[in-house]
Structure formats: C-alpha cells, structure tokens
1. Taking the stated definitions as given, is Leu31 surrounded by fewer than 12 Cβ atoms within 10 Å (Cβ to Cβ) and closer than 30 Å to Phe328 by Cβ?
2. Can you tell which of Arg128, Arg66, Arg58 is in the same structural domain as Val143 (by TED's automatic domain parsing) and among the charged types (D, E, K, R)?
3. I'd like the residue in the range 170-221 that is crowded, with 16+ Cβ neighbours inside 10 Å, part of a loop (DSSP other than H, G, I, E, B) and not aliphatic (A, V, I, L, M) and, out of all such residues, is modelled with the lowest pLDDT.
4. Please enumerate the residues belonging to the range 272-289 that are out of contact with any strand residue (DSSP E or B) (no Cβ under 8 Å at 6 or more places or on another chain), among the aliphatic types (A, V, I, L, M) and not in a loop (DSSP other than H, G, I, E, B).
5. Just give me the residues in the range 114-135 being surrounded by 14 or more Cβ atoms within 10 Å (Cβ to Cβ) and free of Cβ contacts under 8 Å to residues at least 40 places away in the same chain, in sequence order.
6. Which of the residues belonging to the range 136-145 are buried (at least 21 other Cβ atoms within 10 Å of the Cβ) and either touching a strand residue (DSSP E or B) at 6+ places or on another chain (Cβ under 8 Å) or assigned to a helix (DSSP H, G or I) (or both)?
7. Please identify the pairs in which a residue from the range 281-297 that is more than 22 Å from Arg128 (Cα to Cα) has its Cβ atom under 8 Å from the Cβ atom of a residue that is assigned to a loop (DSSP other than H, G, I, E, B) and among the aromatic types (Phe, Trp, Tyr), counting only partners at least 6 apart or on another chain.
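The values are calculated or read from the model by the stated rules, or taken from the named source; none is laboratory data. Just so it is clear, the structure is predicted and the values come from calculations on it, not from any experiment. Note that each Cβ is placed from the backbone with ideal geometry, even for glycine, and that neighbours are counted across all protein chains shown.
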Amino acid sequence: MQVSETITQLAARAGDHEAFRSLTDPYRRELVVHCYRMLGSVEDAEDMVQEALLRAWRRLETFEGRGTLRSWLYKIATNLSLDALDHQRRRWMPTATTSAADPLAPIAAPTGEYLWLEPLPDTLVDLRPDVNPEACYDARESVTLAFLIALQSLPGRQRAVLLFRDVIGWHASEIADILGMTLVAVNSALQRARATMTKVQDDGTLELPPPAEDAKTAELLAQYLAAWESADASRLVALLAEGAVLTMPPMPTWYQGRSAIHYFLQELLFKEERMRLIATRANAMPAFAVYKREDNGFYCAVAIQVLTLRQGQITQIDDFIGGDKDVFARFGLSIVL
C-alpha cells in the first residue's frame, strides 16, 4: 500500500468523508456493474452499492488491510446482493418465460408475475480488452443480455463464484474468503456454474457483434433507424435474420420470425405511432432510445432498444418499454425531444 493511500485511510478512519470518498470512488462503477450482473437491475445495483459504501464507512475500523480495499468492498456488496436474491424472484426476459406469440392474438398486458432484466448503459462498463489471464469472459461478454439470462438460472452463490473467478479473475482462495466458503465448496459451485454457462456458449448465443466502428454495422444501423422513423415495416424486416426475435418487456408477449414481426409493426405499431430514435449503446450492443410523437408535436421517451447482431443481420430486438426519466438519465438522454 502506498504511503499516500495509508494517510488517506487514516484520515477516513478519523471521520474524514472526503478521504473516504477518494478511497472508494475509483471502485464505484465496477461495483455497480458487479451488482448489476448479480441482480439484473441497474436501479437495484445502484442501491446495493450505496448501501455497501454506507456500511463500509460505518465499519471502516474493521478493515485491517490484510486484503485490498477493493476486495473488502466487493465482499460487502456481494453479500448484500446475496441477501437481496434470497428475498426476490429471478429476473428474466420474455423468451425464457413464454412461447412466441401469434401476431393475430391480442398483446398480453404487463404482468407482475415476472421481474425483467434491465438494460445497462455502456458508459458504466470498462469495455477495454481484459488483460487478466485468469478471466474466462471479457468485459463485453459478461454484460450481454445472453450472459445475464444464463446467470439468472444460477443460484446466488454459484452466480457470485462464477463472476469472481471467470469474470474478475480472482483465485478460489480469495473467493472462499469473500463468501465465507471452503475451497471445496467454491470449486464445486464453480464447476456446476460453468456447466450451465457452457450450455449457453455451445449454442452460440454469446457471440458478440462486430465493433461499433465497423462500416457494415454502421450502415445496417443507419438503415434500421431510417426504417423506424419512416414507419417502413418492410424495410425494417429486410434487415432481420429469418428467425429474428422481438421482445417488449414488461409485456410478456414476444414475436419470432420475419412474418410475425412484420405483421406486428405494419398492422399494429406503425399504424398508430411515429417514432424518433437516438443511437446509444447498452450491454455491449448497439442500442437506440425510442421517442414517440405526441399530439403536441413533442417526442417523449418510451423505450430503450438493445439489438443483437450476427453476420450482418439483426437477430434480436429487445425493446425495454418505459419512459422512466432515471433510466434515460443513466444513458445521458432527455425524456422529451
């Protein structure tokens, strides 16, 4: 530990709030992303980190420096997340809860039966290539919706063990200390968790899209935006893979296939609505903020769309519906245009 850090810790222990913040602020974003992976909700993750930092402030005298401050903060935040998971349902996406809908059938209303995953702004994630040889997933893989869906099938401690070992790259002994488990229990949980995640990897659902600066990707996204804003269902569907999926949480209804999506867009959505889209990034994927034109001429926020791309086509549109100002604020976006 550097002398300056030791002095800052002493000041924090003496009650200096600014000293405490200077120690913990460098870890805040990564803690939020870690708790997001655990819980599937950015709002819940932010609350969890806030509580973790409050507990760390109150218990700073118990930090003896045998491990790093970073691992101590992770321990507090992870145990809080595990407690939360004991009292809440898992978060899902509609594709994991119901069958694809008939486009001729009525759209199901939002239901409180399920909790849904939430989109994560890329601005919260360090997406630079990882240099930790111990990690099995890089930063981009570990925040994709496909990865998060797979995580939701894991019990809480398996989830935490896998994240610590295969995403952060910590050794089993460190994980055992953080989670209060034996080495045998850590290795057993890791083996079971990896088996579940392997099933997801084997069917290709963790394949990542080309980089955002790729010229073909940029052209595809430009055509997508133009199709939405011109309410051209045929043009939009031409950009989709044959078996493409459209989800709309919090509504459980989802569609699969070009024909079903075309019918929904042309006969239902585009007949009544006019949209504007603003490009953004979420979950290491291309994304758009969607605004609907109101009678007064203004466009109001209605959704964050996250796209999955593969081989020059769009394979999935996850349309997270809701104009919550806090959600759009996390993306640095206004709720009215």
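1. Criteria not met by Leu31.
2. Values: Arg66 fails: in the same structural domain as Val143 (by TED's automatic domain parsing); Arg58 fails: in the same structural domain as Val143 (by TED's automatic domain parsing).
Result of the check over Arg128, Arg66, Arg58: Arg128.
3. Selected residue: Thr205.
4. Matches in the range 272-289: none.
5. Of everything in the range 114-135, those that are surrounded by 14 or more Cβ atoms within 10 Å (Cβ to Cβ) and free of Cβ contacts under 8 Å to residues at least 40 places away in the same chain turn out to be Asp130, Ala135.
6. Ser142, Val143, Thr144, Leu145
7. Every condition considered, the pairs that remain are Ala289/Phe331.
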